[in-house]
1. I'd like the residue in the range 201-223 that is in contact with a Leu (Cβ under 6 Å, 6 or more places away or on another chain) and not aliphatic (A, V, I, L, M) and, out of all such residues, is surrounded by the fewest Cβ atoms within 10 Å (Cβ to Cβ).
2. Within the range 99-120, can you find the residues that are surrounded by fewer than 19 Cβ atoms within 10 Å (Cβ to Cβ), at pLDDT 95 or above and not in a helix (DSSP H, G or I)?
3. Please specify each residue of the range 66-92 satisfying the condition of being over 25 Å from residue 114 (Cβ atoms) and of a type in the set (S, T, N, Q).
4. Go through 248, 260 for me and flag whichever is touching a Ser or Thr at 6+ places or on another chain (Cβ under 9 Å), modelled with pLDDT of 95 or more and either closer than 22 Å to residue 171 by Cα or surrounded by fewer than 23 Cβ atoms within 10 Å (Cβ to Cβ) (or both).
5. Run residue 70 past the list (1) assigned to a strand (DSSP E or B); (2) more than 23 Å from residue 298 (Cβ to Cβ) and report the number of the one that doesn't hold.
6. Within the range 16-25, is even one residue crowded, with 24+ Cβ neighbours inside 10 Å, more than 15 Å from the chain's Cα centre (by Cα) and in contact (Cβ under 8 Å) with a residue 60 or more places away in the chain?
7. Is there a residue being small (Gly, Ala, Ser), within 24 Å of residue 149 (Cα to Cα) and in contact (Cβ under 8 Å) with a residue 24 or more places away in the chain anywhere in the range 233-250?
8. Which residue pairs have Cβ atoms closer than 8 Å, lie 6 or more positions apart in sequence or on different chains, and pair a first residue in the range 169-191 that is of a type in the set (Val, Ile, Thr) with a second residue that is in a strand (DSSP E or B)?
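The values are calculated or read from the model by the stated rules, or taken from the named source; none is laboratory data. Note that the structure is a prediction, hence the values are computed from the model and not measured. Using ideal geometry, Cβ is built from the backbone for each residue, glycine included, and neighbour counts are taken over all protein chains shown.
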Amino acid sequence: MIYTITLNPAIDKTIILDSLKKGQVNRSIYSRDDAGGKGINVAKVIKNLGYDVCAMGLIGEENKEDIYKKLEKGKIKYEFIEVDGETRTNIKIVEKEAGIFTDINQAGFEAENKDVERLTSLIESKIKDGDVVVLSGSIPKGIDGDIYKFMIRKFKEKGAKVIFDADGEVLRYGLEECPYLIKPNINELKSIINCNDDIESIKQATKELVDRGIKTVVSMGEKGALYIDNKNILLAKPIRVDVKSTVGAGDSMVAAFAIGIHEKMTIEETFRLGVASSTAKITKEGSLPPSREEILKYIELVEIQRR
């Protein structure tokens with residue numbers, strides 16, 4: 001089974017405008033609400049690709065039904081620990097004329113370490129050897145920065161393979177427990193390791209991680225994506241498409257890797273699916289996930305080089 005964990009979920013409100021005029025009244029062309037948060041975004045793509053997944057995490061009691069209904073509509077299994085307060089709403093502003101994407105992310109509810117400990121115990125009761133657990137996204141107020149480190153250790157003890165996608169101090173702490181795979185973008189990588197944007201610099205900077213057994217996928221925007229483990233260095237070139245939103249592109253990549261790891265695909269097959277999933281996602285508005293058909297049409301267009 002694949003489990004995705006979202007400690008700080010969101011309702012993603014996407015507002016599409018011709019252009020944003022600051023200090024003036026703006027009228028939207030279109031808007032939509034989606035269940036969001038990185039782990040939930042991952043779960044949506046996994047489900048669309050035809051695989052079983054369970055979305056778990058914390059959720060605010062005051063507006064929990066908004067997210068539950070959207071997950072049920074997507075036929076996604078879920079189980080959350082409910083806490084006092086309201087799940088945050090994140091605003092995504094898309095300016096069509098200039099191709100500008102602006103995110104305004106709220107802080108959301110405040111939680112306690114004991115809430116995460118309850119969640120961890122619940123997940124431990126479910127997972128078994130060989131399961132894949134995706135830990136991704138920010139943490140809510142009130143939670144210690146090293147909480148993912150605690151969770152990674154617990155899930156590894158149960159035999160699960162942990163995919164970890166976070167940034168800054170939270171990422172740095174989690175790496176101490178050596179997750180199976182991490183997927184930073186280039187800026188997130190720079191937040192924990194001294195490196196430049198070029199491939200050689202990234203290879204050298206991630207050597208210590210790889211030596212510790214941490215497989216690494218780095219998304220580099222227009223430069224493509226890089227996969228590194230102790231046997232492989234793979235570079236995938238970007239596919240040129242009409243970008244409608246970058247929200248969830250990395251989560252789509254993570255979804256593909258979760259499937260590839262769980263289904264024991266080759267690394268080339270997994271990476272190819274990851275790039276196709278990420279590409280399909282950026283052609284969709286807001287955090288709307290790509291369909292299986294939309295993802296598969298990019299599979300043959302993915303170019304992978306061994307470096």
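1. Per the criteria, the residue is 216.
2. Of everything in the range 99-120, those that are surrounded by fewer than 19 Cβ atoms within 10 Å (Cβ to Cβ), at pLDDT 95 or above and not in a helix (DSSP H, G or I) turn out to be 110, 112.
3. Those that are over 25 Å from residue 114 (Cβ atoms) and of a type in the set (S, T, N, Q): 89, 90.
4. Values: 248 fails: modelled with pLDDT of 95 or more.
That would be 260, the only listed residue that is touching a Ser or Thr at 6+ places or on another chain (Cβ under 9 Å), modelled with pLDDT of 95 or more and either closer than 22 Å to residue 171 by Cα or surrounded by fewer than 23 Cβ atoms within 10 Å (Cβ to Cβ) (or both).
5. So residue 70 meets the others, but not (1).
6. Residues of the range 16-25 crowded, with 24+ Cβ neighbours inside 10 Å: none.
No: the range 16-25 contains no residue that is crowded, with 24+ Cβ neighbours inside 10 Å, more than 15 Å from the chain's Cα centre (by Cα) and in contact (Cβ under 8 Å) with a residue 60 or more places away in the chain.
7. Initially, the range 233-250 is screened for residues small (Gly, Ala, Ser), giving 236, 245, 248-250.
Adding the requirement that they be within 24 Å of residue 149 (Cα to Cα) leaves 248, 250.
Those still in the list that are in contact (Cβ under 8 Å) with a residue 24 or more places away in the chain too: 248, 250.
Checked against the condition, which is being small (Gly, Ala, Ser), within 24 Å of residue 149 (Cα to Cα) and in contact (Cβ under 8 Å) with a residue 24 or more places away in the chain, the range 233-250 yields at least one hit.
8. Qualifying pairs under 8 Å: 182/163; 182/164; 182/165; 182/215; 182/216; 182/217; 186/218; 186/219.
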